[in-house]
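The values are calculated or read from the model by the stated rules, or taken from the named source; none is laboratory data. What you see is a predicted model, and the numbers here were worked out from it, not measured in a lab. Every residue, glycine among them, receives a Cβ derived from its backbone with ideal geometry; neighbour counts consider all protein chains shown. Note: accessible area is taken over every heavy atom of the protein model, side chains too, but ligands, DNA and RNA are not part of it. Shrake-Rupley method; radii C 1.70, N 1.55, O 1.52, S 1.80 Å.
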Amino acid sequence: MKGQAELNIGVVGHVDHGKTSLVYSLTGVTTDTHSEEQKRGITIKLGYADAIVHKCEKCGAMDTKEGKKCSKCGAAMLAVKKISFLDAPGHETLMATVIAASSVMDGALFVISATEKCPQPQTLEHLMVLEAAGIKDVVIAQNKVDLVTKEQAKQNYKEIKELVKGSPYETAPIIPVSASTGSNVNVLLLTLVNNLKQKHSNAGEPLMYVARSFDINKPGTVPNKLIGGVIGGSIVAGTIKVGDEIEILPGALRIKKEKETIIPLKTKVIALRAGSDPLTSATCGGLIGISTQLDPALTRADGLVGCVVGLPGKLPKVYSEVTIELTPLKRQVERFADVLVPNEPLVLGVGTATTVGFVLSAKKGKAQLKLKKSVCVDTGQTIAVMRRAKNRWHLYATAKLIS
Ligand code: GDP
Ligand code: MG
Ligand code: ZN
């Protein structure tokens with residue numbers, strides 16, 4: 001099955017609960033390959049893993065392995081759908097990465113290990129991120145059931161039920177699985193395909209969130225042989241075509257002595273790809289790579305991550321100072337009883353961009369912030385706000401841009 005994926009499934013859950021293992025078991029792709037930078041948690045990098053879902057033409061069983069007969073009845077398997085899993089790689093899964101992933105996912109696979117008491121700290125935080133991002137469709141995988149007794153699994157199931165009670169995920173399916181033995185992974189796949197729907201719309205002005213960018217030239221390539229910069233990410237609205245003139249905002253950011261200079265970028269779409277498949281036009285679903293005429297120095301080492309791509313003049317405005325209206329999360333009210341104080345730093349997640357905002361003034365659920373790095377943000381877009389308590393960053397509120 002060629003072309004792009006139809007569905008972006010975000011994979012979230014506490015560290016070591018088996019997200020990467022489960023993605024591997026579902027797709028055969030390892031998302032946990034990072035550079036040193038990513039291991040140290042400096043750059044946001046979403047790992048995309050595509051899978052082609054095959055369905056038995058006779059009994060409806062599903063599998064992601066190609067060229068196989070149905071393991072249940074022996075009939076032929078047909079390719080029916082391509083889906084893309086987004087893992088947030090890294091050991092200490094960064095909240096900012098999960099927030100970035102939530103801006104491009106259609107639904108989520110929530111991984112909870114049966115071997116630990118539920119909820120673990122990140123279990124709770126990721127649940128709040130999904131809720132804040134307005135993700136409606138979630139499937140819970142109760143993983144590592146090969147390591148626990150039936151009684152322990154039942155107890156853990158109760159804890160999961162208790163956790164989601166009163167949340168939008170109260171009735172989310174909970175599927176016991178083992179990523180290691182592969183047991184029940186097919187049932188999980190079937191549940192994902194049946195429950196998760198495309199959330200983003202192919203209509204309207206095109207908008208892509210940049211999740212990675214690179215320079216594909218070999219070191220030492222002579223200037224007239226250089227290939228233009230490549231950007232990758234997910235389209236969340238509309239369609240981008242080969243030959244389109246595009247704008248990239250905020251563009252190239254340089255911060256020198258606390259002063260920021262921004263170079264908005266315009267270029268042309270030279271080629272489009274979904275994985276290794278060339279496309280003439282691309283829309284919502286999976287990871288899309290755009291070859292451009294940009295100087296590759298601008299795109300190297302994820303230099304444009306956090307930017308948005310669209311047609312010239314059609315993108316939201318770029319802000320270096322914002323006034324936002326905050327809605328603190330119910331579950332965090334106890335942790336943060338106080339009002340925001342002047343100069344307090346907040347971390348904002350806007351699409352795939354992360355920036356620090358310093359409080360200039362705050363009153364009655366509104367705050368004016370000076371941003372360290374400018375962001376392109378639309379009114380109506382959900383902004384995730386993280387706040388520090390006891391030297392750790394916690395998701396504190398969702399916010400909307402006022403001006
Ligand atoms: P992540 O941090 O959520 O991505 O977790 P990983 O996928 O890296 O898994 C963490 C550890 O748990 C690894 O050593 C895996 O081999 C192990 N693991 C993951 N899933 C299972 C499972 O279903 N059963 C068992 N026995 N081990 C598992
Ligand atoms: Mg992992
Ligand atoms: Zn069958």
Name the long-range amide H neighbours of Phe85: under 5 Å, sequence gap of 5 or more, or other chain; modelled H, no Pro or chain starts.
Ile9, Ala49, Asp50, Ala51
For Lys197, list the lysines whose Cα falls under 21 Å from its own Cα; do not include residues on the same chain fewer than 8 positions away.
Lys2, Lys19, Lys55, Lys81, Lys82, Lys136
Applied in sequence order to the range 78-88, the curve 6.51 cos²θ - 1.76 cosθ + 1.60 (Karplus, θ = phi - 60°) yields integer Hz couplings, x standing for Gly and Pro, of 10, 6, 10, 6, 10, 10, 10, 9, 10, 9, 9
If I build a Gaussian network model for the chain, linking alpha-carbon pairs within less than 10 angstrom, which residue out of Ile135, Ile216, Ile231 has the largest mean-square fluctuation?
Ile216
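Just need the relative contact order of the chain here, percent rounded to a whole number, with Cα pairs under 8 Å and 6+ apart. Don't skip to the end; give the middle numbers.
On the way: 1004 pairs, mean separation 61.0, N = 403.
The normalised contact order for the chain reaches 15 percent.
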Starting from the Kirkwood radius over alpha-carbon pairs of the range 197-332, derive D by Stokes-Einstein at 4 °C in a medium of 1.567 mPa s and give it in µm² s⁻¹.
81 µm²/s
Going by average Cβ neighbours within 10 Å, how do the peptides 291-301, 237-247 rank, with the highest at the top?
291-301, 237-247
Return the tail of the calculated pair distribution for the chain, meaning the percent of Cα-Cα pairs more than 27 Å apart.
52 percent
Check the straight Cα-Cα distances from Lys259 and name the lysines below 22 Å, setting aside those fewer than 8 residues away within the same chain.
Lys317, Lys370, Lys372, Lys373
For the chain, what % of the accessible area comes from carbon and sulfur atoms, probe 1.4 Å?
52 percent
Would you list, by chain and number, the aspartates and glutamates whose Cα falls below 17 Å from the Cα of Lys363, excluding same-chain residues fewer than 8 positions away?
Glu321, Glu325, Asp338, Glu344
Reported to the nearest 10 Å², Cys73 has, with a 1.4 Å probe, an accessible area equal to 60 Å²
Probe 1.4 Å, accessible area per residue of the chain, Å²:
47 Å²
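Please report the net charge: other residues with Cβ closer than 10 Å to the Cβ of Ser84, K and R +1, D and E -1. Intermediate values should be presented prior to the final figure.
On the way: positive: Lys82; negative: Glu6, Asp50, Asp106.
So the surrounding residues net to -2.
So what is the 222 nm mean residue ellipticity for the chain from helices alone, if each DSSP H run of at least 4 adds -39500 (n - 2.57) and you divide by all residues, rounding to the nearest 500 deg cm²/dmol?
Numbers: 7 runs with 65 residues, N = 403.
Taking each H run of at least 4 residues, the total per residue is -4500 deg cm²/dmol.
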Once amide H atoms are placed 1.01 Å from N in the peptide plane, what residues at a sequence separation of 5 or more from Lys317, or on another chain, have their amide H within under 5 Å of its amide H?
Val377
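If contacts are Cα pairs under 8 angstrom and at least 6 residues apart, what is the relative contact order of the range 262-312 in percent?
Working: 42 pairs, mean separation 16.7, N = 51.
Here the relative contact order equals 33 percent.
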Amide H of Ala141: which non-local residues (sequence gap of 5 or more, or other chain) have their own amide H closer than 5 Å, using H built in the peptide plane?
Phe110, Val111, Ile112, Ile175
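Put Leu272, Leu190 in order of accessible area, largest first, 1.4 Å probe: what do you get? Show your work: numbers first, answer last.
Working: Leu272 5, Leu190 60 Å².
My answer, sorted largest first, is Leu190, Leu272.
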